[in-house]
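The values are calculated or read from the model by the stated rules, or taken from the named source; none is laboratory data. Everything numeric in this text was worked out from a predicted model, so none of it was measured. As a convention, Cβ positions derive from the backbone with ideal geometry for all residues, glycine included, and neighbour counts pool all protein chains shown. To get the accessible areas, we keep the full protein, side chains included, count just its heavy atoms, and leave off ligands, DNA and RNA. Shrake-Rupley method; radii C 1.70, N 1.55, O 1.52, S 1.80 Å.
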Amino acid sequence: MAACTGSGSVDRKPCWLTTKKAAGKYVREARGLMVTQDPREVMTALSLLDSALSLSPRMEMALELKARCLLHLRRFKDVAEMLRDYIPSLKLSGDDAPSGSSSSSSEGSSQPLSRERAGLPHSSSSAESPGFKCFSLRELMRWVMGGIWKNCRKQGRWRYSVLGQACCHLGLLEDAMVLLQTGKRLATAAFRRESICWPDDSFTLTSLHEEAIYGSEPNMPPHLLAEVEFISQLLFRIKLLIRRRTAAVAALDAGLNSEAIRHFAKILDSRHCAPQGFLAECYMHRATAYRSLGRIAESIADCNRTLALQPSGIQALETRAALLEAVRCLPDCLHDLEHLRLLYNTILRSRKLPGQAWKRQYVHYREIPGRICVLSAKIQGLKQRIASGDTGNVDYYALMGLRRGCSRSELERAYRLLSLKHKPDKAVGFIDNCEFADPEDRDSVKDRARMMAMLLYRLIQKGYKNITASICKEEDAEKERQRSMLAKAEDERCSLMKRRSGEGSRGKKVASVSLNPSIHRGVFCRDLATVHTLLSQVRISRPVQAKSAAIGC
């Protein structure tokens, strides 16, 4: 009898305390603990709310406080799993969803659930009623009254703001924008309806706006007053990121790769942090743009960042394997293809894609068996090429973006840029601009990024040494060729000089006579006939001008 009348403890309840009152007591204690904003107190409040939900699973206030506790503890994945039925992209996805999940429960209930959440009247399938169905006024009245009653309720509006913030941190920006805008629209409509019946002297904007968003529960935590302004700023940030990504993807689809890279750089190199999943998508798109421009090293680096953020990124693995095969780096390409085949086999065994159900995927489940067959054939061909010794034929010129026969200055410039950009210590700097859904993932992402950056940096170092050796051989060959040409020219010049000197010694006297005009004026003889004879012998037919003095002597 004492146990029935005593106050009791939290774990041991009196017999007269009903289940609803016990759950309400847990909720009140949890609300008081949440006001402190201390993580330990919030964890205690979360355990109390779990106890309340075990007693009353559909208690709206307990669900709301639990979702807010998870949001405060940055457990965004738990919030998404808890409210996954309200995510727009997951609700509207059917059999052709990009997630490719083969779960019969999600595929069978996605469309009716989405119609119910959106407040649309249910229509019978064409198989049940292939003909024309008459208009039912009773069904229309039931739908309208149900919608009005649902809108008049103050329960359920918190889902849009809480789930919208969680989706934003998870990288589902389109879903977050839809949820937050829906929450603001419902809050504004509720505020407009309730403000009509309020007298002028009791009109308080802050209290009414808080009540419109969070309900009419008393003693709400004061920190929730700032959530309205926070949601507005979050919406502005989401719209800016979506607008920039849309412009970048449009430029990429139009073939303007340099323009797409410039737009993606605004997102990736911004001072503001962006969600992890959103950054992984942007890095993957930019890797595609770099690949189209022939910048292999930059494309591999972006694939490495994508895989560091999302280790099970199928598209990133396929792109990096194709890039490594293009530069004939066969061992690394084989490693990526085997990793990809392992992922495909895991999907077939578990009958679902890796990650959560709300996570966006770029492969369909029905495509995986065919991909495994193609992948196995390619792996077998690469193994045969490696066994035949085709491993040291790496195209380092394509890797570093150089033309064959480049100069030493071009090589030094390209190597300096690549080594500074892809140095392992600097290659992990992108983590500072990343907002992680789980803070514990930061160290693992950093380790993966440093390891992959080290492999790429070593490949660049090998390329620099290989191309430098080729340039040195070409320079030595060019010097030897120039030296042989100079020696040949010198030999030809010497032979020509010798030939000319020989011909000059034989006709030196004749040349001196023929070229010296004073020989005619120096002749003095009494017998002019003798002079003419001598001149004819040396083939000089010029007349001799004789002076009168000479003739006279």
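All other residues whose Cβ lies under 12 angstrom from that of Met82 are scored, Lys and Arg at +1 and Asp and Glu at -1, for a net of +1.
Per residue, the range 240-388 exposes 45 Å² of accessible surface when a 1.4 Å probe is rolled over the protein heavy atoms with every protein chain present. Under Stokes-Einstein, with the Kirkwood radius over Cα pairs standing in for Rh, what whole-number D in µm²/s applies to the range 428-490 at 20 °C and 1.002 mPa s? The calculation lands on 136 µm²/s.
When you count the other C-beta atoms within 10 angstrom of each residue and take the mean per peptide, 78-88, 454-464, 485-495 line up highest first as 78-88, 454-464, 485-495. Accessible surface of the range 24-78, 1.4 Å probe: 54 percent of it comes from carbon and sulfur atoms. Taking Cβ atoms as reference points and 10 Å as the exclusive limit, the residues near Leu173 contribute a net charge of 0, counting Lys and Arg as +1 and Asp and Glu as -1. Placing unit charges on each Cβ (+1 for Lys and Arg, -1 for Asp and Glu) gives the range 303-407 a dipole about its Cα centre, and among Leu342, Ala321, Thr391 the Cα reaching farthest toward its positive end belongs to Leu342.
Report in % the part of the accessible area of the range 402-484 that belongs to carbon and sulfur, leaving out ligands and nucleic acids; probe 1.4 Å. C and S fraction of accessible area: 50 percent. What a 1.4 Å probe finds exposed on the range 215-335 is 54% carbon and sulfur by accessible area, rounded to a whole percent.
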